[in-house]
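See structure below.
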Amino acid sequence: MADTDLIIRPAELKDVKDIMALEQGSIAHPWIKSEIEKLITDDNKICLAGELKGEVVCYVGADMVLDECSIGNIVTRKDHRGEGLASMLWAELLRLLKEKGMAKVFLEVESDNVPAIALYEKSGFTGYGLRRDYYGQGRDAVLMLKDI
Ligand SMILES: CC(C)(COP(=O)(O)OP(=O)(O)OC[C@H]1O[C@@H](n2cnc3c(N)ncnc32)[C@H](O)[C@@H]1OP(=O)(O)O)[C@@H](O)C(=O)NCCC(=O)NCCS
């Protein structure tokens with residue numbers, strides 16, 4: 001797949017159904033409809049959709065407070081994983097966050113989520129802590145941070 005095939009754009013309310021479908025089965029506690037709608041419409045949040053041939057195949061959401069940003073979820077549809085889509089979406093998100101004056105980006109990720117941790121480390125995020133049982137009994141969160 002050529003880099004240019006993926007169209008990255010701000011998510012719109014018409015994408016809510018597709019984003020919910022992306023979350024189902026990929027995220028332990030998927031966001032409900034109203035949370036995704038807020039992610040799309042709230043000026044202090046940012047939500048990007050990645051489109052291939054007219055279909056939303058990946059998305060990322062983040063929350064901004066002053067000059068700090070906290071990442072919500074990033075998901076690539078199962079049949080398009082490993083094609084570099086999340087990397088492109090992630091790079092665009094970080095570029096936009098910097099443009100919006102963000103200085104620090106925080107995230108938490110389940111400690112056994114190898115692909116996601118690899119994605120974050122590849123773009124310079126480093127771990128700064130562990131939150132025990134954050135996702136349920138025996139399921140820890142790694143806390144990661146990057147200065148942008
Ligand atoms: C994490 C996720 C978004 C990555 O999406 P993707 O589009 O497949 O990612 P990319 O193809 O851009 O790969 C990005 C990097 O992730 C890593 N990666 C991707 N798949 C991997 C795998 N199966 N094993 C190990 N590392 C992997 C690699 O470092 C890769 O970079 P590289 O190809 O330059 O080595 C995807 O696996 C996903 O949707 N997972 C379920 C949802 C989730 O857990 N999201 C993160 C927490 S919210």
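Based on DSSP H runs of at least 4 residues, each adding -39500 (n - 2.57), what is the mean residue ellipticity at 222 nm of the chain after dividing by all its residues, to the nearest 500 deg cm²/dmol? After summing the helix terms and dividing by residue count, I get -8000 deg cm²/dmol.
Of all aspartates and glutamates in the structure, those lying under 16 Å Cα to Cα from LYS146, and not within fewer than 8 positions of it along the same chain, are ASP63, ASP67, GLU68, GLU92, GLU99, GLU108, GLU121. Contact order for the chain, expressed relative to its length and based on alpha carbon pairs under 8 Å spaced 6+ residues apart, stands at 18 percent. When the pairs LYS17/LYS100; LYS17/LYS98; LYS14/LYS98; LYS98/LYS122; LYS53/LYS104; LYS17/LYS38 are compared against a 23 Å limit on Cα-Cα distance, LYS17/LYS100; LYS17/LYS98; LYS14/LYS98; LYS53/LYS104 fall above it. Here the 3J(HN,Hα) profile of the range 95-107, calculated from phi with Karplus coefficients 6.51, -1.76 and 1.60 at θ = phi - 60°, is 4, 5, 4, 5, 4, 7, x, 6, 10, 10, 10, 10, 7 Hz, Gly and Pro shown as x. Label positions at LEU66 and GLU37, each projected 7 Å from the Cα along the C-beta direction, are separated by 3.2 nm. Listed by Cβ neighbour count within 10 Å, with the fewest neighbours leading, LEU143, LEU22, LEU13 appear as LEU13, LEU143, LEU22. The distance linking the range 90-148 with the range 17-39 is 19 Å (Cα centroid to Cα centroid, whole angstrom). Here the Karplus relation 6.51 cos²θ - 1.76 cosθ + 1.60, evaluated at θ = phi - 60°, turns the backbone of the range 62-78 into coupling constants of 8, 10, 10, 9, 6, 10, 10, 10, 10, 7, x, 10, 10, 9, 10, 4, 3 Hz, with x for every Gly and Pro. Ordering ASP15, ASP63 by the number of other Cβ atoms within 10 Å of each residue's own Cβ, fewest first, gives ASP63, ASP15. Ranked for footprinting exposure by Cβ neighbours inside 10 Å, fewest first, LYS98, LYS45, LYS78 give LYS78, LYS98, LYS45.
When only the Cβ of Lys, Arg, Asp and Glu is charged (+1, +1, -1, -1), the dipole of the chain relative to its Cα centre reaches about 80 debye. Shown in residue order for the range 39-50 are the 3J(HN,Hα) couplings computed by the Karplus curve 6.51 cos²θ - 1.76 cosθ + 1.60 at θ = phi - 60°: 4, 7, 9, 6, 5, 8, 10, 9, 9, 10, 10, x Hz (x for Gly and Pro).
Read-outs: derived from the displayed coordinates by stated rules, not from any lab. The structure displayed is predicted, hence computed values, not measured ones. Positions of Cβ are generated from backbone atoms using ideal geometry, with glycine treated the same way; all protein chains shown enter the neighbour counts.
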